[in-house]
Amino acid sequence: MKSITSSSPLDLKSMTRIAPPPGLGLTHHRVVVVVPRRLFIQCVNANSNSTYGGHVGRARHEWQSACAILASKVVSQQQDTEKSGGGADGLSAVNGHPTLGLVPVKESSSYPAPLPKPLSITDLSPAPMHGSPLRVAYQGVPGAYSEAAAGKAYPNCEAIPCDQFEVAFQAVELWIADRAVLPVENSLGGSIHRNYDLLLRHRLHIVGEVQLPVHHCLLALPGVRKDYLTRVISHPQALSQCEHTLTKMGLNVAREAVDDTAGAAEYIAMNNLRDTAAIASARAAELYGMQILADGIQDDSGNVTRFVMLAREPIIPRTDRPFKTSIVFAHDKGTSVLFKVLSAFAFRNISLTKIESRPHRNRPIRLVDDANVGTAKHFEYMFYVDFEASLAEARAQNALAEVQEFTSFLRVLGSYPMDMTPWTPSSRHD
Ligand SMILES: O=C(O)C(=O)C[C@]1(C(=O)O)C=C[C@@H](O)C=C1
């Protein structure tokens, strides 16, 4: 995985839309070229031991010319597609995307006609149109676990750091990135609620999941000893995953939350803080010139974070490997609605792997007139359910048809291959 770092990660203000040149635009998508206003990209070799200042900077005009190249590639791809009879005939589109390799045999000018390559699972998740490595947005700075998750999900990707989850969503929506990889739950710390809320607010689709064993280290500046420390800083999830171990180590110092684990290490290095330690990865120690005071400080060796892979288009669900489907629904008044919804899955032997409820932001409470005695308030929720079945299976479709009868709102967030990586206890991310 190639990693892109910026002097600061992508943020909301730095993303500006630029109108596409006349004629630029594909049959199925509105193509928008986006130039970040404050994105000074630096390329880092993931295997290098470079620390601060070791990167090569790229100025804004270079980024803009890169965008121009990208735009011209899109135009030439479109022309190729048109030449090969693609576009309106429907033959050339899978899931709304031109499939450049699918030339109908009878229309090919060369003989013998090249045999069409069978579609594989990766073809079903639309590839980027620009021909360069997949650009994958994640929240945090280089060395964050989310960067490692992006590399696991898309091994040869260009990882793009974003300062907030919201920015990662927008980076994909605005075509700055092709995918986003974002955490949704951790085996010790629980759900990352913010991303559940954002999944609902944005229109991206879940196209996959990765489970990353998370191995935390306690990092400090070189020469700093444990007894110098007056505080430990990290991402709130990392702090909660190491809570008991820190106490057992006798580190009863202030614990402060920051935006991401690697950002904590970066902050200590930038400000030369000799009384502060960070909980972060071994890779963050290497990137920011920190020493590892303690290794493997998560409260349980089976510490795993589950990330979802997001794209602008859904993938086509299949039945030849285990799939999971994620939905979100809200229900109107009625008795036992949640029970009825869940039994739609139980009757069809569909296992649920996760259920989460979040406040219904548009209608957080329902007032109930309690027989003129007073007004009772019911809290209203959005329910998120993950179940083990592919949307291509009849039993899943039937279950959803039944769920629809009981709900006032139902959305499929995605139907995607399950991460079946065999279990290994967490090891260092370096
Ligand atoms: O701060 C990081 O390094 C992240 O990638 C974020 C995050 C999270 O949000 O849960 C990811 C994995 C770990 O669980 C700890 C933190």
Quiz prompt | Pair A257, T424: separation of 7 Å Cα→Cβ label points (nm) | solution = 3.2 nm
Quiz item: Amide H to amide H under 5 Å from L10: which residues, 5+ apart in sequence or cross-chain, H placed 1.01 Å off N in plane?
Solution: C162, D163
Self-check item: Extension gain (nm, one decimal) between T335 and A401, 0.36 nm per residue minus Cα-Cα
Solution: 21.9 nm
Quiz item: In nm, what is the difference between 0.36 nm times the number of residues separating H193 and R225 and their Cα-Cα distance?
Solution: 8.0 nm
Quiz item: Along the stretch 237-246, what does the Karplus equation 6.51 cos²θ - 1.76 cosθ + 1.60 (θ = phi - 60°) give for ³J(HN,Hα), rounded to whole Hz, x for Gly and Pro?
Solution: 5, 5, 4, 6, 6, 10, 3, 6, 4, 4
Quiz item: Which value in Å does the Kirkwood hydrodynamic radius of the stretch 132-263 take, with 1/r averaged over all unlike C-alpha pairs and then inverted?
Solution: 16.0 Å
Self-check item: Two-site label geometry, E388 and K354: point separation in nm, points 7 Å out along Cα→Cβ
Solution: 1.5 nm
Quiz item: With charges only on Cβ, +1 for K and R and -1 for D and E, what is the dipole size of the stretch 317-417 about its Cα centre, in debye, rounded to 20?
Solution: 220 debye
Quiz item: For G208, which sequence-distant residues (separation of 5 or more, or a different chain) have an amide H within less than 5 Å of its own amide H, given hydrogens modelled in the peptide plane?
Solution: M309
Quiz prompt | Förster-model FRET efficiency, 25 Å R0, K152 and D320, C-beta, rounded to 0.05 | solution = 0.65
Quiz prompt | Local electrostatic count at I350 - Lys and Arg +1, Asp and Glu -1, tallied over other residues with Cβ under 12 Å | solution = -1
Self-check item: Where a label projected 7 Å from the Cα of D295 along Cα→Cβ would reach, residues of the stretch 248-278 with amide N under 18 Å
Solution: 278
Quiz item: If you add up the charges near T247, with Lys and Arg at +1 and Asp and Glu at -1, over every other residue whose beta carbon is less than 11 angstrom from its beta carbon, what do you get?
Solution: 0
Quiz prompt | Stokes-Einstein translational diffusion, the stretch 317-417 - Kirkwood Rh over all Cα pairs, 0.890 mPa s, 25 °C, in µm²/s | solution = 168 µm²/s
Self-check item: log₁₀ of I(q)/I(0) at q = 0.19, 0.20 Å⁻¹ - the stretch 217-295, Debye sum with one point per alpha carbon
Solution: -0.66, -0.74
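Read-outs: derived from the displayed coordinates by stated rules, not from any lab. Note that the structure is a prediction, hence the values are computed from the model and not measured. Heads up, the Cβs are rebuilt from the backbone with ideal geometry, glycines too, and the neighbour counts pull from every protein chain shown.
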